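Everything on this sheet refers to the single structure shown next.
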Amino acid sequence: MVFAHWRQVTGGRSYRGAVERGDRDEEIERLEEDLHGLDPDDPEVQAFAAHRDRMQRPNSEATVEGMLRGVDDFAQSVNRADGHRRLVAVVVVVLILFGVLFTLWNAFLFVFSTFLG
């Protein structure tokens, strides 16, 4: 029961990660120990469960999967933020996209001028 609630709170990420690592029984046991005696409908318990899930996931930034996980965490944080924090996050994303577009445009101009110039 606790594991089903954990999957609901974390969007199933914990279950998928446990299957990928092949230690599903160990993951279920750890979750039952962590959430034993806590009210599964309490928002603080749900936040704690989500926090534990984020802390237990490996954060290897040297892989594409790790980088995408970081982007996912950033996007979820932006969705939870409000006010000036959300505005700052949106500005950061727009600046990153502007930098990518500027770099692609310069690369296109370089290639175009090299072959036709």
Condition met for LEU109 (over 28 Å from PRO43 (Cβ atoms), of a type outside the set (Phe, Trp, Tyr), outside the structural domain of HIS51 (by TED's automatic domain parsing) and assigned to a helix (DSSP H, G or I))
yes
Quick one: is ASP39 of a type in the set (D, E, K, R) and over 23 Å from the mean Cα position of the chain (by Cα)?
yes
Suppose we keep only residues that are within 30 Å of VAL93 (Cα to Cα) and at pLDDT below 70 within segment 28-72. Which one would you say is surrounded by the most Cβ atoms within 10 Å (Cβ to Cβ)?
ARG57
Test ARG80 against the stated conditions and say whether it is modelled with pLDDT of 75 or more, surrounded by fewer than 12 Cβ atoms within 10 Å (Cβ to Cβ) and out of contact with any Cys (no Cβ under 9 Å at 6 or more places or on another chain).
yes
Could you tell me which residue of segment 89-117 is nearest to ASP73 (Cα to Cα), considering only residues that are among the polar types (S, T, N, Q) and surrounded by 10 or more Cβ atoms within 10 Å (Cβ to Cβ)?
THR103
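The values are calculated or read from the model by the stated rules, or taken from the named source; none is laboratory data. The model shown is predicted, which means the values in this text are computed figures rather than measured ones. Please note: Cβ atoms are built from the backbone with ideal geometry, for glycine as well, and neighbour counts cover all protein chains shown.
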